[in-house]
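The values are calculated or read from the model by the stated rules, or taken from the named source; none is laboratory data. What you see is a predicted model; the values in this text were computed from it and never measured. Here the Cβ is made from the backbone with ideal geometry for all residues, glycine too, and neighbour counts use every protein chain on show. With ligands, DNA and RNA removed, areas are computed over all heavy atoms of the protein, side chains included. Shrake-Rupley method; radii C 1.70, N 1.55, O 1.52, S 1.80 Å.
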Amino acid sequence: MRGVNRVMLIGNLGKDPDVQYLEGNIAVAKFSLATTETYKDRAGKLISQTEWHTVVLWRGLAELAQKYLHKGSLVYIEGRLRTRSWEDKEGNKKFATEVVGDNLIMLDKRTDIHGHGFNGLPGEGLEGMSSADAPPEPNQDLPF
C-alpha cells in the first residue's frame, strides 16, 4: 500500500521570507508560519493554541514569496512534510521537520493599481501558484 504525505495549512507568516539562491540560480525561500486553533474548554473559556511550522518554497514559488509575502501575510500552503537531520558542531544529531510547499494561495486583502480591493478568494488575485508557475507582471497587458 502506498502512503500519502500531504499537508494543507492556512496561517500567517511569522517573518519575511528568507530567500537564498543556490548553485544554478535556484531560489529557495524559508519562513515560519503560525496556525492558530481556538476552542472552548469545559468551563466555556476560549482557548487559543498556536503551532509554528517551517515552510520551504523552491524556484518560482520562492520568487513569488520574495516579491509578495511579508511578515503577517495570510496564506494557504499545500505541500508535504520533510524531515532532515544533521550534526551540530558538538556532534549532536539534530532534526528539523519542514513543510515543502507545492502550492501557494495568497489570502490577504490587496488593493490593485486602481484602488479596487480584492481578497484573494478563488477567482481573484494570485492563487493556485505551483512551483513551475510565475505570476504576470502587474502592469502587463492581459489578452482578455
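Can you pull out the residues in the stretch 68-92 that are among the basic types (Lys, Arg) and surrounded by 11 or more Cβ atoms within 10 Å (Cβ to Cβ)? Before you say what the answer is, go through the steps one by one.
From the stretch 68-92, those among the basic types (Lys, Arg) are 71, 80, 82, 84, 89; that's our starting set.
Passing the criteria: LYS71, ARG80, ARG82.
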Review point. Does the stretch 52-69 contain any residue that is over 15 Å from VAL100 (Cα atoms), in contact with a Ser or Thr (Cβ under 8 Å, 6 or more places away or on another chain) and among the hydroxyl-bearing types (Ser, Thr, Tyr)?
Key: no
Review point. Taking PHE95, is it among the aromatic types (Phe, Trp, Tyr) and open to solvent by 90 Å² or more (accessible area, probe 1.4 Å)?
Key: yes
Practice item. Starting from the stretch 18-30, keep only residues that are under 16 Å from VAL99 (Cα atoms), then list their pairs with residues that are in a loop (DSSP other than H, G, I, E, B) whose Cβ atoms are within a distance under 8 Å, requiring at least 6 positions of separation or different chains. Key: ALA29/PRO17; LYS30/PRO17
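Taking GLY120 as the residue in question, decide whether it is over 19 Å from ARG6 (Cα atoms), modelled with pLDDT under 95 and surrounded by fewer than 17 Cβ atoms within 10 Å (Cβ to Cβ). Give the steps one after another, and end with the answer.
Working: over 19 Å from ARG6 (Cα atoms): yes; modelled with pLDDT under 95: yes; surrounded by fewer than 17 Cβ atoms within 10 Å (Cβ to Cβ): no.
No.
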Exercise for review: Sort out which residues of the stretch 64-101 are free of Cβ contacts under 8 Å to residues at least 40 places away in the same chain and either in a strand (DSSP E or B) or under 16 Å from TRP52 (Cβ atoms) (or both), and write them in order of number.
Suggested key: ARG82, THR83, ARG84, SER85, TRP86, GLU87, LYS93, LYS94, PHE95
